[in-house]
Amino acid sequence: MWHILKYIARHRRPGASASPTRSPTLSPSRHRAHLIHPDILAILGRALAIRHVDGGSCNGCELEIHALNNPYYNIEGLGIKFVASPRHADMLLVTGPVSRHMELALKRTYDAIPAPKLVVAIGDCGCTGGIFGESYASCGRVSNVIPVDVTVPGCPPPPADILAGILTALRVRPSLAPDEGTASDFTPGFN
Amino acid sequence: MQFSGLDCRFERLAAPLPMHRARVDATQWSALAFAVATTKGRLVSLWGSDRRAMGDGFAVATAYATAEGLLWVELGLDVMRPAYPDISRFFVPALRMQRAAHDLVGIDAEDSVDSRQWLRHGAWPADYFPLRIENTGQERFAPQPDNYPFVFVEGDGVHEIAVGPVHAGTIEPGHFRFSVVGEKVLRLEERFGYTHKGIERRFMGMDIDEGARLAGRVSGDSTVAYAWAYAMAAESAAGVAVPERAAWLRALLLERERVANHLGDLGALGNDAAFGFALAQFSRLREDWLRANFEAFGHRLLMDCIRPGGVARDLDAAAAAQLRRDAVALVAEVAELKDIYDEHAGLQDRFVTTGRVAPELAARFGLTGLAGRASGQVADLRVDFPWPPYDKLAVTASTQFNGDVAARVAVRFDECFESLRLIDALLAALPDGPLDVPIAIRDAASGAGWIEGWRGEIFVALETDARGRIARCHCHDPSWQNWPVIEHAIIDNIVADFPLINKSFNLGYSAQDL
Ligand code: SF4
């Protein structure tokens with residue numbers, strides 16, 4: 001235990017390592033990340049719960065989503081949380097081209113998410129189908145299967161870009177503000 | 001070359017590792033499988049091809065690892081009745097590969113004990129074979145229900161837990177069916193193929209450079225290993241050797257990929273045993289490592305850094321010196337975290353004896369790579385067939401015999417330290433010279449690549465058509481061998497330990513669903 005506490009004491013901030021071989025800098029992405037929290041609270045009025053679905057990626061995008069949980073990006077500290085059940089989620093992150101074998105599972109996950117169902121497609125594959133494209137086995141881009149609010153290009157996009165995409169998704173749907181949201185749900189459509 | 005006195009001639013491929021190729025008939029096919037099995041060789045891969053465009057029929061091929069190197073064996077099959085003798089009698093891992101070869105090419109292993117579909121769910125019909133030349137791969141079918149015949153376990157108090165394809169965490173999709181009594185697992189059956197996106201069909205018709213990008217995206221966590229294996233295959237088909245500096249930089253990239261994955265997994269393993277501190281620290285170290293990748297090579301995961309003929313980017317002296325300092329600093333950090341792991345009673349309690357694969361079981365199932373080395377299966381291509389630059393580095397393979405989660409953790413720590421030593425040695429003596437050689441394939445040629453990735457041996461077999469475009473490219477991941485062993489590793493463990501056991505192997509889904 002003593003050993004652990006000592007280790008923690010020496011690594012209070014990521015980037016400030018015990019035996020620094022690089023000058024510790026406050027990374028720009030960390031800075032960007034901390035600007036997001038007030039935005040989330042202003043828009044959602046609460047923390048953001050995200051469900052991720054791998055639609056058939058090469059797992060490169062997953063690695064970068066994982067990185068969001070490391071101490072540099074510290075997304076839990078921003079009130080962003082990955083949840084296990086789609087029913088607890090505000091937002092769906094989808095990676096990969098959607099394989100035909102995942103099409104149904106993805107649609108079901110999407111259906112299980114309560115409105116407003118924000119969807120962010122991650123990576124070149126999620127945006128366009130990427131190098132895998134469409135075929136007997138691949139539906140291609142995510143929007144071929146479910147509606148998408150924001151796309152984050154990159155192969156894979158770095159964690160800071162994914163975070164920026166999450167924030168953009170919150171902004172592109174201003175109707176998310178609680179009042180307007182419920183109002184539009186109950187207003188008969190005029191389309 | 002002849003193998004084991006069999007009367008088929010093997011031609012050596014032009015490649016830095018000993019790889020040999022032969023065409024055989026059905027009798028030799030079975031005799032060879034038997035001979036390899038009895039001389040303690042391993043099955044590396046099995047795949048099918050459609051050669052009708054070249055005036056042949058169908059073909060099935062295997063790659064075996066033997067003391068003499070790799071044997072690429074090919075058997076031509078009748079067009080009307082494309083069937084071949086089953087080899088799963090000799091090599092358990094062949095079963096799923098044979099099932100996949102059926103789903104993709106429509107060739108059958110005769111008298112196999114399991115001929116259920118493997119890669120195909122309901123997305124395309126049973127009589128459609130995507131790799132056959134009459135199909136373009138662009139066909140679309142209305143999805144059918146996937147009535148996969150799982151094996152049911154019956155008995156007093158037995159119930160089933162079905163998990164996936166969508167899992168609770170950020171991981172790849174697959175389906176697991178546990179039959180349990182109380183908390184104890186009696187049986188696990190895996191079902192994969194969810195991430196099948198038609199990679200092998202996609203390769204067909206690509207030029208060599210396009211193919212390199214695709215090979216680097218078979219599995220993102222092993223992009224360097226795939227890119228190198230593919231490049232080696234292309235270079236062996238073209239008959240060119242890469243310059244020394246390129247080979248050294250490739251090894252540097254490969255070892256950096258190994259370290260990055262071990263850092264990620266060591267943290268995740270601690271976390272799965274409820275030791276959150278470990279995840280925070282290891283993921284911090286991994287992030288530093290990936291940022292250094294980006295600075296030095298322009299990509300955090302090192303995608304597209306290796307290309308046929310050489311490497312895409314050079315490293316200047318200042319960057320090399322910085323990477324060396326990073327490696328030295330990381331040794332100290334990981335050593336300290338290893339002490340913390342070793343001393344932590346709660347962690348050891350979860351790791352020791354959990355998910356045990358005894359060496360005998362590992363040998364019978366052909367457990368390979370990192371997980372194999374944790375169960376006494378001593379094999380590492382960098383040690384067994386040290387190709388440049390590993391011939392100058394005297395790599396030591398890590399070996400453990402307990403085969404439990406603790407052993408797989410120990411192998412990861414060992415390999416992390418060994419890779420950091422290699423990185424230091426590579427950077428200390430990086431030879432000067434060009435970064436690549438021109439490579440052009442303008443006619444029908446074939447070649448193979450064989451690389452020890454962080455998970456185990458990656459194999460790529462490449463064949464081009466008369467215009468030098470890809471006729472067939474088969475990529476093999478060690479996950480094929482190791483997934484079936486997890487079905488055994490979990491038996492008699494509790495369900496709650498599955499995530500920990502699974503993580504200790506950390507096998508690929510996309511890598512084998514293709
Ligand atoms: S965008 Fe790139 S990293 Fe992400 S799934 Fe596609 S190929 Fe893999």
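The values are calculated or read from the model by the stated rules, or taken from the named source; none is laboratory data. Everything quoted here is computed from the prediction, not taken from an experiment. Positions of Cβ are backbone-derived with ideal geometry, glycine not excepted, and every protein chain shown enters the neighbour counts. Note: accessible area is taken over every heavy atom of the protein model, side chains too, but ligands, DNA and RNA are not part of it. Shrake-Rupley method; radii C 1.70, N 1.55, O 1.52, S 1.80 Å.
Can you tell me which residues in the stretch B:393-444 are of a type in the set (D, E, K, R) and not in a helix (DSSP H, G or I)? Explain how you work it out, then say what you get.
Initial filter on the stretch B:393-444 (of a type in the set (D, E, K, R)): B:404, B:408, B:412, B:414-415, B:418, B:421, B:424, B:432, B:436, B:442-443.
Residues satisfying the conditions are B:D404, B:D432, B:D436, B:R442, B:D443.
Between A:G154, A:G126, which is part of a helix (DSSP H, G or I), within 13 Å of the ligand (Cβ to nearest atom) and within 15 Å of the chain's Cα centre (by Cα)? Walk me through how you get there before you give the answer.
Working: A:G154 fails: part of a helix (DSSP H, G or I).
Selected residue: A:G126, the only one of A:G154, A:G126 that is part of a helix (DSSP H, G or I), within 13 Å of the ligand (Cβ to nearest atom) and within 15 Å of the chain's Cα centre (by Cα).
Being of a type in the set (G, A, S), within 21 Å of A:K6 (Cα to Cα) and either open to solvent by 30 Å² or more (accessible area, probe 1.4 Å) or not assigned by TED's automatic domain parsing to the domain that holds B:E415 (or both) narrows it down to one of B:A274, B:A318, B:A312, B:A278, so name that one.
Working: B:A318 fails: within 21 Å of A:K6 (Cα to Cα); B:A312 fails: within 21 Å of A:K6 (Cα to Cα); B:A278 fails: either open to solvent by 30 Å² or more (accessible area, probe 1.4 Å) or not assigned by TED's automatic domain parsing to the domain that holds B:E415 (or both).
Within the list B:A274, B:A318, B:A312, B:A278, the selection yields B:A274.
Condition check ((1) open to solvent by less than 10 Å² (accessible area, probe 1.4 Å); (2) small (G, A, S); (3) not in a helix (DSSP H, G or I)) across all residues:
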| residue | (1), (2), (3) |
| --- | --- |
| B:A371 | yes, yes, no |
| B:G376 | no, yes, yes |
| B:A379 | no, yes, yes |
| B:V383 | no, no, no |
| B:P388 | no, no, yes |
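Which number in (1) open to solvent by 50 Å² or more (accessible area, probe 1.4 Å); (2) modelled with pLDDT of 95 or more marks the one condition that B:P431 misses?
(1)
For the stretch B:451-507, give me the residue count where each residue is crowded, with 24+ Cβ neighbours inside 10 Å and part of a loop (DSSP other than H, G, I, E, B).
The total comes to 7.
Which condition from (1) at the interface with chain B (Cβ under 8 Å from one of its Cβ atoms); (2) under 19 Å from B:G122 (Cβ atoms) is the one that A:G140 breaks?
If we test A:G140 against (1) at the interface with chain B (Cβ under 8 Å from one of its Cβ atoms); (2) under 19 Å from B:G122 (Cβ atoms), just (1) comes out false.
Before we move on, is B:M19 crowded, with 20+ Cβ neighbours inside 10 Å and within 23 Å of B:V240 (Cα to Cα)? Even if it seems obvious, please write down each step before you answer.
Numbers: crowded, with 20+ Cβ neighbours inside 10 Å: yes; within 23 Å of B:V240 (Cα to Cα): yes.
Here the answer is yes, as B:M19 does meet what is asked.
From A:R46, A:R32, A:R22, grab the single residue that is more than 13 Å from chain B (Cβ to nearest Cβ) and modelled with pLDDT under 65.
Numbers: A:R46 fails: modelled with pLDDT under 65; A:R22 fails: more than 13 Å from chain B (Cβ to nearest Cβ).
One residue alone meets the criteria, A:R32.
I need a count of the residues in the stretch B:30-43 that are surrounded by fewer than 20 Cβ atoms within 10 Å (Cβ to Cβ) and in a helix (DSSP H, G or I). Quick ask: steps written out before the conclusion?
First pass over the stretch B:30-43, keeping only residues surrounded by fewer than 20 Cβ atoms within 10 Å (Cβ to Cβ): B:30-31, B:34-35, B:37-40.
With the extra rule that they be in a helix (DSSP H, G or I), the set shrinks to B:30-31, B:34-35, B:37-38.
Summing the residues that are surrounded by fewer than 20 Cβ atoms within 10 Å (Cβ to Cβ) and in a helix (DSSP H, G or I) in the stretch B:30-43 gives 6.
Give the residue, chosen from B:G270, B:G276, B:G239, that is away from the ligand (no atom under 16 Å from the Cβ), within 28 Å of B:I501 (Cα to Cα), in contact (Cβ under 8 Å) with a residue 12 or more places away in the chain and not hydrophobic (A, V, I, L, M, F, W, C).
Values: B:G276 fails: in contact (Cβ under 8 Å) with a residue 12 or more places away in the chain; B:G239 fails: within 28 Å of B:I501 (Cα to Cα).
The conditions single out B:G270.
Can you pull out every residue in the stretch A:97-122 that is without any contact (Cβ under 8 Å) to a residue 40 or more places away in the chain and part of a helix (DSSP H, G or I)?
Of the stretch A:97-122, the ones without any contact (Cβ under 8 Å) to a residue 40 or more places away in the chain are A:100, A:104, A:107-108, A:110-112, A:114, A:117, A:121.
Across the stretch A:97-122, the qualifying residues are A:L104, A:K107, A:R108, A:Y110, A:D111, A:A112.
Here are B:R250, B:R307, B:R300, B:R245: which of them is out of contact with any helix residue (DSSP H, G or I) (no Cβ under 9 Å at 6 or more places or on another chain) and not hydroxyl-bearing (S, T, Y)? Can you show your working first?
On the way: B:R250 fails: out of contact with any helix residue (DSSP H, G or I) (no Cβ under 9 Å at 6 or more places or on another chain); B:R307 fails: out of contact with any helix residue (DSSP H, G or I) (no Cβ under 9 Å at 6 or more places or on another chain); B:R300 fails: out of contact with any helix residue (DSSP H, G or I) (no Cβ under 9 Å at 6 or more places or on another chain).
The match here is B:R245.
Would it be correct to say that B:A312 is modelled with pLDDT of 95 or more and away from chain A (no Cβ under 12 Å)?
On the way: modelled with pLDDT of 95 or more: yes; away from chain A (no Cβ under 12 Å): yes.
In short, yes.
Here are B:L301, B:L285, B:L323: which of them is assigned to a helix (DSSP H, G or I) and within 9 Å of chain A (Cβ to nearest Cβ)?
Working: B:L301 fails: assigned to a helix (DSSP H, G or I); B:L323 fails: within 9 Å of chain A (Cβ to nearest Cβ).
From the options B:L301, B:L285, B:L323, the qualifying one is B:L285.
Could you say whether any residue in the stretch A:69-84 is at the interface with another protein chain (Cβ under 7 Å from one of its Cβ atoms), within 16 Å of the ligand (Cβ to nearest atom) and without any contact (Cβ under 8 Å) to a residue 40 or more places away in the chain?
No: the stretch A:69-84 contains no residue that is at the interface with another protein chain (Cβ under 7 Å from one of its Cβ atoms), within 16 Å of the ligand (Cβ to nearest atom) and without any contact (Cβ under 8 Å) to a residue 40 or more places away in the chain.
Find the helices (runs of 4 or more DSSP H) located wholly in the stretch B:181-238 whose residues include 1 or more that are of a type in the set (S, T, N, Q) and either crowded, with 24+ Cβ neighbours inside 10 Å or on the phi < 0 side of the Ramachandran plot (or both), and list them.
Details: elements: B:199-203, B:208-215, B:223-238.
Result: B:223-238.
So A:M91 fits all but one of (1) touching a Lys or Arg at 6+ places or on another chain (Cβ under 6 Å); (2) surrounded by 23 or more Cβ atoms within 10 Å (Cβ to Cβ); (3) more than 9 Å from every other protein chain (Cβ to nearest Cβ); what number is the exception?
Going through the list (1) touching a Lys or Arg at 6+ places or on another chain (Cβ under 6 Å); (2) surrounded by 23 or more Cβ atoms within 10 Å (Cβ to Cβ); (3) more than 9 Å from every other protein chain (Cβ to nearest Cβ), A:M91 breaks only (1).
Is it the case that B:D127 is more than 20 Å from B:F178 (Cβ to Cβ) and open to solvent by 80 Å² or more (accessible area, probe 1.4 Å)? Explain how you work it out, then say what you get.
Details: more than 20 Å from B:F178 (Cβ to Cβ): yes; open to solvent by 80 Å² or more (accessible area, probe 1.4 Å): yes.
In short, yes.
Need the failing condition index for B:I87 against (1) open to solvent by less than 20 Å² (accessible area, probe 1.4 Å); (2) in a loop (DSSP other than H, G, I, E, B); (3) out of contact with any strand residue (DSSP E or B) (no Cβ under 8 Å at 6 or more places or on another chain), just the number.
Checking B:I87 against (1) open to solvent by less than 20 Å² (accessible area, probe 1.4 Å); (2) in a loop (DSSP other than H, G, I, E, B); (3) out of contact with any strand residue (DSSP E or B) (no Cβ under 8 Å at 6 or more places or on another chain), the one that fails is (3).
Report yes if some residue within the stretch B:111-127 is more than 10 Å from chain A (Cβ to nearest Cβ), under 18 Å from B:H196 (Cβ atoms), hydrophobic (A, V, I, L, M, F, W, C) and in contact with a Gly (Cβ under 7 Å, 6 or more places away or on another chain); otherwise report no.
The answer is yes, given that some residue of the stretch B:111-127 is more than 10 Å from chain A (Cβ to nearest Cβ), under 18 Å from B:H196 (Cβ atoms), hydrophobic (A, V, I, L, M, F, W, C) and in contact with a Gly (Cβ under 7 Å, 6 or more places away or on another chain).
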